[in-house]
Amino acid sequence: MFQSLPVQPADPILALMAAYRDDPRPGKIDLGIGVYKNAAGVTPVMRAVKVAEERLWRDQETKSYIGFLGDPGFNDAMIRLVLGDALPRQNVAAAAAPGGTGAVRQAFEAIREANPDARVFISDPSWVNHASMLDHVGLARKSYRYFDAESRGIDFDGMMEDLSDLGAGDVLLLHGCCHNPTGADLNSVEWQAVRALLARTGALPMIDLAYMGFGDGLEADAGPVRDLVAELPEALIAVSCSKNFGLYRDRAGVLIATAQDGTLAPRLGDTLAHLNRQNFSFPPDHATRVVSTILDDVDLSADWLDELNGMRGRIQSVRQALANELQRITGSDRFHFLSRHRGMFSRLGASREQVEMLRDRHGVYMVGDSRMNVAGLTESSVPVLAAAIAEVGL
Ligand code: LMR
C-alpha cells in the first residue's frame, strides 16, 4: 500500500529552514520562516506568557475535555480582541483551532460544507500554504493580481479588474494586515472599495489574520476586519496567536464566523464544532488558556501589549535601517518600499538567481520568491545584507 504513496513536494519554507540549519558558515543570516527574533537573534517566550504558564501550572486542577469548540473563555477573549464591539456577540460563532493554519484549514472546510462549488480567490502571491491547502481540500481557486513588481506596492487596478469576476457563492481571501509574502497592505480607501465590491457581488470575505499587532498596532490592524464584519452580511476570520503571543509551536488559533442574521449563529457554531470533531475532536487547550489568562488580566495584557509594541517597533526600525543603508551604498532611493511595507515580510523583488546568489555567496537565506523575514535582521546583519543585495546587482 505505502508504495503507491505519491512523492510529496517539499514545503519551500521548511526546506529553507533545514538548509539554513545545515549551513556551517558562522555569518549566515536567516530571513526564512516567519518568526520574530529580538536584537540578539533569539525568538523569546514573551514575559506575560511565562507568568500565565506559571499560573496555569499552579492553579489548573484538571486537563479533562472541554468541548469541540475549545475553551469558551478563549473564544470570547479572542472575539473581543479581534472584533471589539463591531458586532453583537450573538452574531458570532468561534472555534479554537491548532494555530492559524488550523483555523485556515477549518475555514476552507466550512466553505466546502456550505458550497462545494465555491471558488476561492487568493492574491498573487499569497502564503504558499493557501493554494496547497485549497487543492488538498478540493476547493477551486483563482488568483487575483496583487503585487506590483515595479513599485513593490499593490496593483490595485489589476486586483479590482481580476475581482470583477467574483460572484455570490465565491470567497475572497484577504490578508487582514502584514501581507504574507509581500509586506504590501491595502490602504483604507482600497479596503473601502473592496468592501463595496463584496457588498455588490455577495461574495463571502475570508480574512487570514496571522500578524495582528505587527502592522500599525493591535487596534489599527483590527480595523479593516471590524469594518468588514460590521458592513457585510457574513465573514470568516482565521486568527493566529503564533506570532503576537509568540506561541508558535504550541498552536493556538481561532476561527471566527460572523452573520448579520443572528439566527444563523447557532448553525455556524454547530458546523464549526462538527468540523473540529471530524478533524481532531478537541482543539489543543494549553496555549489557548495561556492567551485567555493574559487577555483576562489587566496587568498581564498591558505587559503583553507593551512587549508586542516593542517587537513591532524593532521590526520597523530594522526596516528603516536597511532602507537607509541601501540608499547610502547604492545612492538610490529605490529601496524605500522596505520602510513602507508592514509586518515581518518584504518581497525584495530579486530574481530566483539573485536569491540563490545571496544564499551561496553570502549565506543569506530568504524564500525563493525573495520574501525576506525582516524580523530576522539585527543591527549587525543589516549592513551585511545591504552589501550582499548590492553585490548581486539588485
Ligand atoms: C511563514 O509564512 O513563514 C509562517 O506563516 C510559518 C508557516 O507556517 O509557513
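The values are calculated or read from the model by the stated rules, or taken from the named source; none is laboratory data. Not measured: the values here are computed from a predicted model. FYI the Cβ positions are ideal-geometry reconstructions off the backbone, even for glycines, and counts take in every protein chain you see. Remember, those area values only see protein heavy atoms, side chains included, never the ligands or the DNA or RNA. Shrake-Rupley method; radii C 1.70, N 1.55, O 1.52, S 1.80 Å.
Flag: D216 does not match the condition of being open to solvent by 10 Å² or more (accessible area, probe 1.4 Å), under 23 Å from D369 (Cα atoms) and more than 15 Å from the ligand (Cβ to nearest atom).
Can you name every residue in region 204-213 that is more than 16 Å from the ligand (Cβ to nearest atom) and either free of Cβ contacts under 8 Å to residues at least 24 places away in the same chain or open to solvent by 10 Å² or more (accessible area, probe 1.4 Å) (or both)? Lay out the reasoning, then the answer.
Going residue by residue through region 204-213, those that are more than 16 Å from the ligand (Cβ to nearest atom) are 204-206.
Selection gives L204 alone.
Please determine, by comparing only the residues of region 382-394 that are hydrophobic (A, V, I, L, M, F, W, C) and in a loop (DSSP other than H, G, I, E, B), which one is least open to solvent (accessible area, probe 1.4 Å). Selected residue: V392. When each of R289, R226 is tested for being over 17 Å from G213 (Cβ atoms) and among the basic types (K, R), the lone residue that passes is R289. In region 182-198, the residue that is farthest from the chain's Cα centre (by Cα) out of those that are surrounded by fewer than 15 Cβ atoms within 10 Å (Cβ to Cβ) and of a type in the set (S, T, N, Q) is Q192.
Looking across G67, G27, one residue alone is surrounded by 13 or more Cβ atoms within 10 Å (Cβ to Cβ) and of a type in the set (G, A, S). It is G67.
Taking the condition away from the ligand (no atom under 16 Å from the Cβ) and under 30 Å from D296 (Cα atoms), does L139 pass? Lay out the reasoning, then the answer.
Working: away from the ligand (no atom under 16 Å from the Cβ): yes; under 30 Å from D296 (Cα atoms): no.
Against the criterion (away from the ligand (no atom under 16 Å from the Cβ) and under 30 Å from D296 (Cα atoms)), L139 does not qualify.
All conditions in (1) in a loop (DSSP other than H, G, I, E, B); (2) at pLDDT 95 or above; (3) under 22 Å from the mean Cα position of the chain (by Cα); (4) surrounded by fewer than 18 Cβ atoms within 10 Å (Cβ to Cβ) hold for K37, with the sole exception of (4). For region 220-273, a residue qualifies if it is within 16 Å of the ligand (Cβ to nearest atom) and part of a loop (DSSP other than H, G, I, E, B), and the qualifying residues are C241, S242, K243, N244, F245, G246, L247, R251, A252. Within region 130-147, the set of residues being under 11 Å from R105 (Cα atoms) and surrounded by 17 or more Cβ atoms within 10 Å (Cβ to Cβ) comprises H130, M133, L134.
Taking each residue of region 1-15 that is within 16 Å of the ligand (Cβ to nearest atom) and looking for partners that are modelled with pLDDT of 90 or more with beta-carbon atoms closer than 7 Å, six or more apart or interchain, yields P12/V128; P12/V367; P12/G368; I13/G32; I13/I33; I13/V128; I13/V367.
G176 meets the conditions (1) open to solvent by less than 50 Å² (accessible area, probe 1.4 Å); (2) within 15 Å of D124 (Cα to Cα) in every case but one. The failed one is (2). Restricting region 93-121 to residues that are of a type outside the set (G, A, S) and within 14 Å of the ligand (Cβ to nearest atom) leaves a set whose member that is most open to solvent (accessible area, probe 1.4 Å) is R105. Checked against (1) in the same structural domain as G138 (by TED's automatic domain parsing); (2) within 16 Å of the ligand (Cβ to nearest atom); (3) of a type outside the set (A, V, I, L, M), G70 passes all but condition (2).
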